[in-house]
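Beneath this line is the structure, given in structure tokens, with notes to follow.
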Amino acid sequence: MTVDCHTHLSTFDHPGQSFTAIRDSLLATMAQQGIGCALVYPDSEPGTGVSDLDTTEEIVRPCPRLRMVGTTPIPLPDSGMIARLDALAAAGTIAGVKLYPGFELFYPDDRRCDPVYELCVRHRLPVVFHSGETMGEAWREPYNHPDHIVQVARRFPALQVVIAHFSQPHLEACRDAVLECPNVHADISGLAHPEVERLCGEKAIARILEEVATRKPERVLFGTDWPIGGVEEHLRLVAALPISDEARALLLSGNAERVFALGRPLFPLPMGESSDSWTRPGSGGCGTSRGAGAALRRGGCRPPRSR
């Protein structure tokens, strides 16, 4: 089973469509590309074109092959936000928490984030940071640079940390963070996007991924940033890496299964579903009809706006 650990329900590449229709397009893509499970990331604010926390929970709940990650704006809007995330974590509804430094003007090592990190440690959930390119505005990138993320990992050694997008274009800094800190991981979402390949260089991307996947194969996770990033393109990127079969298997699924604790469905299964049906493409998921597949838009990506 391949796990896509970084997707969104986003209107950026599906203008005019409902989030439910976009979810069905995601499921159709997963069935076509052999993706057994995908993590869906909500936005921390409503009205951005990406489904928010409440909407994501409602839309993902009926689909055993989809999991969701929680989120919150920083600074925390009120004390009720941590209580809400705590309840979602206790119920097994969320598989982690994502923060958006750069989109929001805070640093990961800001002490105002500590209640989120403490919650994640308490529930053994990973925290995921948006890192690297942010809205095409370079001045935002220092807020989410790996150097600040490393400080969090060192201060909370029991916290599993995931750097999203391999912090592109800061690939070397992300590589160093992953190699140096035993609780830091990185996902490769967005690295196969044509604009990212042009910015960072295809050879440089492949070289750094090969190095990390060889030296620390347990620290790299497969992700696409769908719908901005293409699933097929990211699968090709991984297939072309000169790494061992064991390292490739960890990258494609094993690491995400461990970091996000994907050994069981997070939501109650619909009546009649077997406990392992979520691992098989096309089995028991919602929205995998032929019509949803026909509706899938596969033509080109918008300019990167990674979340």
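Some observations on this one:
- All told, GLU232 falls short of being more than 17 Å from the chain's Cα centre (by Cα) and either surrounded by fewer than 24 Cβ atoms within 10 Å (Cβ to Cβ) or in a helix (DSSP H, G or I) (or both).
- Checking each residue in the range 1-13 for being modelled with pLDDT under 95 and over 14 Å from ASP225 (Cα atoms) picks out only MET1.
- Single match in THR55, THR20 (criterion: in a helix (DSSP H, G or I), more than 28 Å from VAL121 (Cβ to Cβ) and of a type in the set (Ser, Thr, Tyr)): THR20
- GLU104 under 16 Å from PHE19 (Cα atoms), over 17 Å from the mean Cα position of the chain (by Cα) and modelled with pLDDT of 95 or more: no
- Leading residue by the ranking (farthest from VAL178 (Cα to Cα)) among those in the range 122-161 that are polar (S, T, N, Q) and assigned to a helix (DSSP H, G or I): ASN144
- Considering only residues in the range 104-121 that are of a type in the set (D, E, K, R) and not in a loop (DSSP other than H, G, I, E, B), the one that is surrounded by the fewest Cβ atoms within 10 Å (Cβ to Cβ) turns out to be ARG111.
- Just one residue in the set ASP109, ASP78, ASP86 is acidic (Asp, Glu) and in contact (Cβ under 8 Å) with a residue 40 or more places away in the chain; that residue is ASP109.
- Filter result (in a loop (DSSP other than H, G, I, E, B) and farther than 23 Å from THR20 by Cβ) within the range 58-91: THR72, PRO73, ILE74, PRO75, LEU76, PRO77, ASP78
- Only one of the numbered conditions (1) surrounded by fewer than 23 Cβ atoms within 10 Å (Cβ to Cβ); (2) in contact (Cβ under 8 Å) with a residue 40 or more places away in the chain is not met by GLU180, and that is (2).
- THR56 being of a type in the set (S, T, N, Q) and out of contact with any strand residue (DSSP E or B) (no Cβ under 6 Å at 6 or more places or on another chain): no
- If only residues of the range 1-59 that are among the hydroxyl-bearing types (Ser, Thr, Tyr) and under 16 Å from GLU233 (Cα atoms) are counted, the one that is surrounded by the fewest Cβ atoms within 10 Å (Cβ to Cβ) is THR2.
- Counted residues, the range 89-103 - those being crowded, with 20+ Cβ neighbours inside 10 Å, over 26 Å from MET1 (Cα atoms) and aliphatic (A, V, I, L, M): 1
The values are calculated or read from the model by the stated rules, or taken from the named source; none is laboratory data. If you're wondering where the values come from, they're calculated on a predicted model, not measured in any experiment. Here the Cβ is made from the backbone with ideal geometry for all residues, glycine too, and neighbour counts use every protein chain on show.
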